[in-house]
1. Over the whole of A:2-12, what's the average partner chain Cβ count within 10 Å per residue? Rounded to a whole number, please.
2. Around B:Gly52, which amide H atoms from residues at least 5 apart in sequence, or from another chain, sit under 5 Å from its own amide H, with H modelled in the peptide plane?
3. Give, to the nearest whole percent, the P(r) tail of segment B:53-159 beyond 19 angstrom, counting all Cα pairs.
4. At 10 °C and a viscosity of 1.306 mPa s, what translational diffusion coefficient does Stokes-Einstein give for chain A, taking Rh as the Kirkwood radius over Cα pairs? Give it in µm²/s as a whole number.
5. Going by C-beta contacts inside 10 Å, put B:Lys520, B:Lys430 in order with the fewest on the left.
6. Can you list residues whose amide H is under 5 Å from B:Leu110's amide H, if they're 5+ apart or on another chain and H is modeled 1.01 Å from N?
7. Using 1/(1 + (r/R0)^6) with R0 = 60 angstrom and r between the beta carbons of A:Ile3 and B:Thr324, what's the FRET efficiency to the nearest 0.05?
8. To the nearest Å, what is the center-to-center distance of segment B:42-71 and segment B:373-435, using C-alpha atoms only?
Amino acid sequence: MMIFYLIFCSLLIPVNLWAAITPHLHSDLSMQILHATSTLVLLPLLASLWIQRKHLNQLTGFILSIFLCVMVVINTWIAFMGMGVRNGWIDHIFLALAAASVEAYFLFMPAPASEKA
Amino acid sequence: MPKGETAKLKATGRVKGFILPGPAAKIEDSKASTLGTDFVASGSNWRSQLLGSLEGQLQLAAYTAVLIGFTGATTTGLWLSNRNQIRNGEAELQANAEHMSNNLVAQDQLGQGHSAKDWSPTVQAEVSRELRDHSSVRTTLWIELADGRLVLPTFGHIAIPMQMMRATMQAHKKDQNTRLITVQGQEYLTLLSRSYPTGERLWSSAKATDTGRIQNEFLGWMILIGVGSMLLSLVTITVMVRRIVRPLLQLSERSAALTADTLNQDPIPEMTAAPKEVRQLARTYAELMERLALSWNDQRRFVSAVSHELRTPLTIVQGYLQRTIKRSKGLSDDERRGLKTAEEESIRMRMLLDDLLDLSRGDSGQLQLNQELVDLGLLVDKVADLSRSNFTDRRLEVRNNIPNVESSEALADPGRLQQVLLDLIDNAAKYSAQNSLITLLLHPHTDGIAIDVKDEGIGIPESDLPHIFKRFHRAKNSSGSSGTGLGLSVVALLMSAMGGEVRVQSKEGEGSCFSVILPKPPTTSSTKS
């Protein structure tokens, strides 16, 4: 399940980059779906950051949490309100970064003590 | 086996892992740790699947490489396609505007020699015609005069896109670098082609070509190629990793199956299909095994030779000490006590040498034991009598639970069995308090007949129980008593050589119970059955 989640997140990286480069390629609905999906995949990471907060580097955890919270709020709004956001391509770049951070976090975070044992 | 017949029994390997000699025991330990790692790696959690194995890691690396390549190629392709479209449009517009500007300058209608006053209706009409000549269905050129009026191309049936013109000029006022604007859902590429000293500005714009379909097609192909490459690389990686890992697993299995006996018996086969590095590893490993086998043989021979050489002088010393104590007159109490201590130590040393010799013989397969019918009831009584005289400060109780109708005979070497029982009683006495009870219990067992040696001593910690029969292993709580850690390994070796086994049950602080189990003679069991 987790592997499929990671594969799905990794596929959102190129999709968001395409969306950033070709704003005229997608329809309003597809844009809303992309923003909504890209927001949803960030929630497990936010939950994990909260659960693992005592075992993580505080600065990294804090910066990542703030970034993800901002992304979730902004993109939830875009998902409901639709297109027409000024400089929307920057948002897609950040969504690609957020998806990359999901990969980096789950692949490189320290293994829980139970797994080490 | 007929009574009295001497059986040459190979001890090593007959009882579970715990009697493996030193190096083999280490190999056994490494096997256990490898199995532990394998267990973790084969767990169901995703981290172990992905990062816990070579195959998973390489698959992840291949996936990442293909994804990065795919993302880079598609993103760059789309970006270049967009950029080229704009640049080509720009170049076309610029060339068109340049050509028209040159014409107007040549006709003195724009440029240096021209002033704002010269814009008569005739000139405007001529310039409008020129603008029309350079405009088309997609391209529009117009001139903004210094006072803000516009000179437009004179179109026949084509409508002049006034909204786009105003939007273009407003956009450029806000941001001079504006190139693409959208008016009524249509994208335009706009350009301020030239500004003249007299204040006129030449504008040009072109409808942007809709490349969505082409880009979608491009993306479709790229996705197809990307997914294909990813699957192909994952399959290739899996096949290659299995090719690399298979000989390593073989090597691991061979290592796990190694014992002191098989060190130089089963050479590691040549792995011709394996990669060069793995073949090299296998060769190095085989050489290591050879060296280990040589070293183990040397060590065995050394222990055997030293034990033999020391035994004779020690026996002489012991004999002289005994004789001196018995026959010498006029010895003071201190001298007699000193000689007695020396005699006891020589006996202890001889027992240690005997243990070493037995282990050495067991390792080399030269341990010779008699297999004969022994009445265990009589033997236990004899051992109890001997022990009572040795351990006067311990209570020793013998119980025989074998029903009268059953025989208490079993197959064993009586001398060696006596040694085993004395060792176990000695052990029980060593680790229990004075006046504590040591029980010898003879009872029937599913595998034959069992003799339990039960004490009320310090017991064995649970963590030590699996290792208690290993050589030189001593329980954590045994530091208060002297010992080499060889006694129980010799017991296990002898029991194994007699075709029986020894088991232990213990709880720290509550005492231990060692059970010696011996097989009944085959004739007896067949009669019963």
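Read-outs throughout are calculated quantities, based only on the coordinates presented, and are distinct from any laboratory measurement. All figures in this text were calculated on a predicted structure; none of them were measured in a lab. In this analysis, Cβ positions are derived from the backbone assuming ideal geometry, glycine residues included, and neighbour counts consider all displayed protein chains.
1. Neighbouring Cβ atoms belonging to other protein chains average 3 per residue here.
2. none
3. Considering segment B:53-159, 62 percent of its Cα-Cα pairs are separated by more than 19 Å.
4. Details: Rh = 14.9 Å.
Using the Kirkwood radius from Cα pairs, D works out to 107 µm²/s.
5. Lowest to highest Cβ neighbour count: B:Lys430, B:Lys520.
6. Here B:Val105 satisfy the definition.
7. Rounded to the nearest 0.05, the efficiency is 0.15.
8. First find each Cα centre; the distance between them is then 62 Å.
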